[in-house]
1. Restricting to the stretch A:6-19, count the residues that are of a type in the set (D, E, K, R) and more than 8 Å from every other protein chain (Cβ to nearest Cβ).
2. With (1) part of a helix (DSSP H, G or I); (2) of a type in the set (S, T, N, Q); (3) buried (at least 16 other Cβ atoms within 10 Å of the Cβ) as the list, and B:Thr81 as the residue in question, which single condition is left unmet?
3. Check A:Thr53, A:Thr90 and return the single one that is surrounded by 12 or more Cβ atoms within 10 Å (Cβ to Cβ) and either modelled with pLDDT of 90 or more or part of a helix (DSSP H, G or I) (or both).
4. With the structure loaded, tell me whether A:Pro58 is within 12 Å of the chain's Cα centre (by Cα) and not in a helix (DSSP H, G or I) or whether it fails that test.
5. Does B:Ala107 satisfy being within 15 Å of the chain's Cα centre (by Cα) and over 30 Å from A:Gln45 (Cα atoms)?
6. Scan A:Glu44, A:Glu59, A:Glu3, A:Glu22 and give me the residue that is over 24 Å from B:Phe48 (Cα atoms) and either within 9 Å of another protein chain (Cβ to nearest Cβ) or surrounded by 21 or more Cβ atoms within 10 Å (Cβ to Cβ) (or both).
7. Please give the number of the condition B:Gly105 fails out of (1) outside any loop (DSSP other than H, G, I, E, B); (2) surrounded by 14 or more Cβ atoms within 10 Å (Cβ to Cβ).
8. Can you name the number of the only condition in (1) loosely packed, with under 13 Cβ neighbours inside 10 Å; (2) more than 30 Å from A:Ala55 (Cα to Cα); (3) at pLDDT below 95; (4) not aliphatic (A, V, I, L, M) that B:Gln71 fails?
Amino acid sequence: MGELIPHLRDLCFSRNGHELPEGFAHAFVKLHGEDWRAAQLHWEQIVELVLDTDAVAPESSGARAIRQAVTAAALLLDRTDLRNRCPLCTQGARKGAEV
Amino acid sequence: MGRSNIESSFSHVSLDLPPAPPDRAFDRLRRRWRSRGQRHGLRYWLLFRGAPVFAGYGLLFVLNGLIIGWQTAYDVNIGITSPAVTALPALAWPLSIAGWLVAPGIAGAVAGYVVSSSIRSRRRRRIDNLFRENADG
């Protein structure tokens with residue numbers, strides 16, 4: 001059936017099977033006002049997008065592809081310009097302002 | 001494993017978050033859908049592009065079978081009978097076009113991809129990896 005995008009709850013543990021910047025999952029949930037559901041939805045959407053980028057090796061699949069996408073997504077969100085804002089929250093706020 | 005090792009392996013970065021809500025069946029289903037990109041190349045295409053196309057093709061055939069008759073639908077599909085002489089040409093024409101254009105085109109493209117992929121993969125393996133255990137699943 002394949003691997004699933006990991007839950008942020010599990011990524012808060014220090015031994016979660018993924019290579020992530022320290023404290024990433026916790027900080028991401030905090031960024032969403034401690035709203036686990038909102039953070040998880042955005043996390044899943046971001047990993048889904050990363051799965052279709054060159055961050056994931058073309059020949060990899062299954063657990064390996066998920067691991068690469070999770071690490072790449074976390075590193076992307078840990079970039080200086082994204083560390084204090086979720087790109088999907090910002091996108092939603094911008095669309096709301098345009099309307 | 002000592003108690004301190006167990007505690008450290010389950011340590012949170014911080015305990016100042018509220019407990020996470022439980023994962024419902026719908027949440028797992030959503031995660032499974034969003035994880036579909038883990039499949040690569042042909043498998044992804046067959047599951048998420050090809051399957052819907054062929055499901056539509058199958059539905060078209062069934063509709064034609066029910067309305068213009070199964071034998072007529074088959075004959076139209078493989079180009080023996082003209083869709084213009086059937087009971088409902090407006091429904092038979094798409095089936096005819098799908099039969100001689102869409103289905104062979106897609107089947108040919110898939111076969112071509114498989115063959116060319118196999119040809120391309122010849123002599124791509126690094127000799128250093130021969131007889132070495134694959135550590136990365």
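1. 2
2. (1)
3. A:Thr53
4. Spelling it out, it is not the case that A:Pro58 is within 12 Å of the chain's Cα centre (by Cα) and not in a helix (DSSP H, G or I).
5. Yes.
6. Result of the check over A:Glu44, A:Glu59, A:Glu3, A:Glu22: A:Glu22.
7. (2)
8. Answer for B:Gln71: the failing condition is (3).
The values are calculated or read from the model by the stated rules, or taken from the named source; none is laboratory data. Treat the numbers as computed from the prediction; the structure is a model and nothing was measured. Glycine also receives a Cβ, built like all others from the backbone with ideal geometry; neighbour counts cover every protein chain displayed.
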